[in-house]
Amino acid sequence: MSAGAAARFLPPLLAARANTMLRIGAQALIAAGCLVIFAISPMLLAHWGVPYDAVGGSAPAKVHPGTWAITLGLLLASLRFSSPIAFAVRAAALFPGLIVFMVTWAVVLWYAIMVQKMPFTPMIDSFFLPFAALLGLSTQTDSSKRGIALALHAILFVNALLGLYEYLSGFRLTPYVVGEEELEADWRATALLGHPLSNALTMGVYMIIMSVGGGRDLPAWLRPVATLVALASMVAFGGRTSLVLALAAMAGVLALRFAGVLRGGKVDLRMAAAVIALAPLFGVALAALYASGFFDQMLERFVNDHGSAKARIVMLSFFRHLSVEEILFGPSPDKMGGLQRVEGVEYGLESFFVAYVLTYGALVSGLFFVGVAFFCREIVRASTLRAVLPIVFFFVVAATSVSLSAKTTTLGMLVALVVTMLRPDTGEGRA
């Protein structure tokens, strides 16, 4: 790496010091941005009076502060090269799939602004943030990624405990607001991450990451504790799809490990003994929680989903009201808004993929989905093959919820968790 752009204007000693300051500043901003997207939710911003997701207000306020921090850190990191263009070329060489992703993202952005006449700021946090987070984290050293991973473990542990406290006490750190209406009757916790389903999705991703070895930075005894606390918090957040799919994924991982043991694989005797000793206690605790009614409200959601299944059926029925041209190129926002109001699903279409087709049309959306697939490939390349399972889980859940079709930081959270907790065993920052 050269002394950077500063070498063009400063003596060698000052240029080296400037380069060091740029490195420290970039690392600090990128790390802070990754933590901020977990610690400050969109609901908390709204509670503080920031017009983040409301009508009106300045454009900068519509972008999450974590996105701003990571983007600024990425800019500082680029100045360590001979020019930001050189940094971009280097990044493109390391992550060629990001070129496809950014081109398709730019197409959707242009289509939203110029054709559909829709706001573009939701696509900044939903998709530019993950892009910037992946590039930014690629510039971090392994020790820096380890520090971020430990901080994220701590934040999610606190988030899980806070969610359980909210569920049991009725207290809420952040009011649960949809549109302009506060849902006081809804029992689901909001905790640090805000929306209950965002909490459930992210905690589900975290549990799967832990099951495939993402807790290597924690003491061995703390890994099952963190996983069990996260699992318990899923009841507080009420995400049925996330809970069922996360449990299924973790069961699959355990089954594969057990099969490996049967084929002669190594066994951690201390861990095996601990599992055998604690399994009866776990069963007793589970029975006690069930008897106390801990699971009642979650189980009630499986019996009565309060119209969620009907909303998905209604969403699919919208295609009957559209012409072939509208399906291919997207209906007008006024028409879709009218259909949603008539059918009572004005708060969002509960599938990222269907919502994009109904908003931008099958052609533009299909192109973008290809770009997202390339982006996911680069996430795996920046981490390990174990990242495939949490990524698949994330997008399966996204297919059954509003998720990425609205303004959200959840994909950026996925990137931060995977790249730091499932990082390769050796190697420093890549860019």
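The values are calculated or read from the model by the stated rules, or taken from the named source; none is laboratory data. All figures in this text were calculated on a predicted structure; none of them were measured in a lab. We place every Cβ from the backbone using ideal geometry, glycine too, and count neighbours over all the protein chains shown. For the accessible areas, the whole protein counts, side chains as well, though only heavy atoms, and no ligand, DNA or RNA atoms are used. Shrake-Rupley method; radii C 1.70, N 1.55, O 1.52, S 1.80 Å.
Among residues of the stretch 178-199 that are without any contact (Cβ under 8 Å) to a residue 12 or more places away in the chain, none has a beta-carbon under 7 Å from a residue that is open to solvent by 70 Å² or more (accessible area, probe 1.4 Å) at least six positions away or on a different chain. Taking the criterion of being at pLDDT below 90, open to solvent by less than 20 Å² (accessible area, probe 1.4 Å) and among the hydrophobic types (A, V, I, L, M, F, W, C), would at least one residue in the stretch 45-58 satisfy it? Checking the stretch 45-58: not a single residue is at pLDDT below 90, open to solvent by less than 20 Å² (accessible area, probe 1.4 Å) and among the hydrophobic types (A, V, I, L, M, F, W, C). Only a single item in (1) farther than 23 Å from ALA92 by Cβ; (2) open to solvent by less than 20 Å² (accessible area, probe 1.4 Å) is not met by GLU378, and it is number (1).
Can you spot a residue in the stretch 331-343 that is loosely packed, with under 15 Cβ neighbours inside 10 Å and within 25 Å of PHE394 (Cβ to Cβ)? No, because not a single residue in the stretch 331-343 is loosely packed, with under 15 Cβ neighbours inside 10 Å and within 25 Å of PHE394 (Cβ to Cβ). Evaluating SER78 against the criteria (1) under 17 Å from ILE30 (Cα atoms); (2) surrounded by 20 or more Cβ atoms within 10 Å (Cβ to Cβ); (3) touching a residue at least 12 places away in the same chain (Cβ under 8 Å) leaves one unmet condition, (3). The single condition among (1) at pLDDT below 85; (2) open to solvent by less than 40 Å² (accessible area, probe 1.4 Å); (3) not in a helix (DSSP H, G or I) that ALA272 does not satisfy is (3). Of everything listed in (1) more than 13 Å from the chain's Cα centre (by Cα); (2) open to solvent by 50 Å² or more (accessible area, probe 1.4 Å); (3) under 25 Å from VAL36 (Cβ atoms), the single unmet condition for HIS195 is (1).
Within the stretch 280-310, the set of residues being open to solvent by less than 70 Å² (accessible area, probe 1.4 Å), modelled with pLDDT of 70 or more, of a type in the set (Gly, Ala, Ser) and assigned to a helix (DSSP H, G or I) comprises GLY283, ALA285, ALA287, ALA288. Scanning the stretch 392-410 for residues that are of a type in the set (Gly, Ala, Ser), modelled with pLDDT of 95 or more and either within 24 Å of PHE353 (Cβ to Cβ) or in a helix (DSSP H, G or I) (or both) turns up nothing. Residues that are more than 18 Å from ILE391 (Cβ to Cβ), aliphatic (A, V, I, L, M) and surrounded by 18 or more Cβ atoms within 10 Å (Cβ to Cβ) within the stretch 233-257 comprise MET234, VAL235, ALA236, LEU243, listed in sequence order.
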